[in-house]
Ligand code: GUN
């Protein structure tokens, strides 16, 4: 039985953060200030709090300024929009990220739409989304761009390969499909209504799983030698006697590894790439806005 090689996203992300730190070190004396990233967190969601803390630490470690804005759960739409306006106008802020999901009473799309496209380091505004669809340069969502970097590092030229993206979210599935199309892949977007999903996935040279269903993708769904990118981060229920359940992806890693050519682990695959690309987008935005 063959065993897939492991795609080490943690190591790749570390290298990328090193490059960002070099660019940030050049930016500071030229601009007379550090490049800056503002992160907005509304409410007390524990997973979001962990992400935001980690973003802040890594931003500072790369030599950039981190501005954290924590707002209470009952924040109104008007107050949140006023904060986005203030950050849009702030010359020390190069990138703005509003942590999603927002509490239910807030209109997420309206908040994201308010972010200045030049500071949209999450790549989620209609301008960024439209530019990606048109194949124009712009800021691209972090998780799909990080996944593409891992794919290109592993495979080189992706032209002509069959890629199947499982999941059609705004944050991952749709932009991932656009990026792969931009690399001349033949792209299929599969989702919850797709008929005979295993059969569709078996055609793929590249599988990107982004559905949020723990260990859904099995070995017999995978074409032998295919490259598998697992975007899912799911916590299983705790086993007897332990406090926390295991973190697993959308792919059954142990099973799929017996068939795939290369595969990202969870944790340590795509996860670390997301923040590294966010920092990369911030320094790119800072240089563009300063020019
Ligand atoms: N929540 C989970 N992932 C993300 C992300 O990439 N961007 C934002 N804004 N919120 C998230």
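The values are calculated or read from the model by the stated rules, or taken from the named source; none is laboratory data. What you are looking at is a predicted structure, and each value in this text was computed from that prediction instead of being measured. We place every Cβ from the backbone using ideal geometry, glycine too, and count neighbours over all the protein chains shown.
There is no residue in region 181-190 that is in contact (Cβ under 8 Å) with a residue 40 or more places away in the chain, farther than 25 Å from residue 291 by Cβ and surrounded by fewer than 17 Cβ atoms within 10 Å (Cβ to Cβ). Evaluate the following for residue 19: is it surrounded by 16 or more Cβ atoms within 10 Å (Cβ to Cβ), assigned to a helix (DSSP H, G or I), under 24 Å from the mean Cα position of the chain (by Cα) and outside the structural domain of residue 257 (by TED's automatic domain parsing)? Against the criterion (surrounded by 16 or more Cβ atoms within 10 Å (Cβ to Cβ), assigned to a helix (DSSP H, G or I), under 24 Å from the mean Cα position of the chain (by Cα) and outside the structural domain of residue 257 (by TED's automatic domain parsing)), residue 19 does not qualify.
If I ask for residues that are part of a helix (DSSP H, G or I) and closer than 24 Å to residue 266 by Cα, which ones from region 179-198 would you list? Reasoning before the result, please.
First pass over region 179-198, keeping only residues part of a helix (DSSP H, G or I): 179-182, 197-198.
Hits for region 179-198 are 179, 180, 197, 198.
Criterion first (without any contact (Cβ under 8 Å) to a residue 40 or more places away in the chain, within 24 Å of residue 155 (Cα to Cα), surrounded by 12 or more Cβ atoms within 10 Å (Cβ to Cβ) and touching a helix residue (DSSP H, G or I) at 6+ places or on another chain (Cβ under 8 Å)) does residue 230 satisfy it? No; evaluated as a whole, the condition is false for this residue. Just wondering, is there one or more residues in region 69-91 that are surrounded by 13 or more Cβ atoms within 10 Å (Cβ to Cβ) and under 30 Å from residue 150 (Cα atoms)? No - not one qualifying residue is present in region 69-91.
In the condition set (1) within 16 Å of the ligand (Cβ to nearest atom); (2) surrounded by fewer than 17 Cβ atoms within 10 Å (Cβ to Cβ); (3) part of a helix (DSSP H, G or I), residue 44 is compliant with all but (3). Listed by first and then second residue, the pairs with beta-carbon distance under 7 Å, at least 6 apart or on different chains, first residue in region 269-291 and outside the structural domain of residue 35 (by TED's automatic domain parsing) and under 17 Å from residue 25 (Cβ atoms), second within 12 Å of the ligand (Cβ to nearest atom) and assigned to a helix (DSSP H, G or I), are 276/146.
Tell me the residue from 38, 24 that is within 18 Å of the chain's Cα centre (by Cα), in contact (Cβ under 8 Å) with a residue 24 or more places away in the chain and surrounded by 14 or more Cβ atoms within 10 Å (Cβ to Cβ), please.
Working: 24 fails: within 18 Å of the chain's Cα centre (by Cα).
None of the others qualify; the one that does is 38.
Kindly indicate which of 201, 172 is surrounded by 23 or more Cβ atoms within 10 Å (Cβ to Cβ), over 25 Å from residue 129 (Cβ atoms) and in contact with a helix residue (DSSP H, G or I) (Cβ under 6 Å, 6 or more places away or on another chain).
Details: 172 fails: over 25 Å from residue 129 (Cβ atoms).
That would be 201, the only listed residue that is surrounded by 23 or more Cβ atoms within 10 Å (Cβ to Cβ), over 25 Å from residue 129 (Cβ atoms) and in contact with a helix residue (DSSP H, G or I) (Cβ under 6 Å, 6 or more places away or on another chain).
Checked against the criterion of being more than 12 Å from the ligand (Cβ to nearest atom) and in a helix (DSSP H, G or I), the candidates 136, 106, 80 yield just one match: 80.
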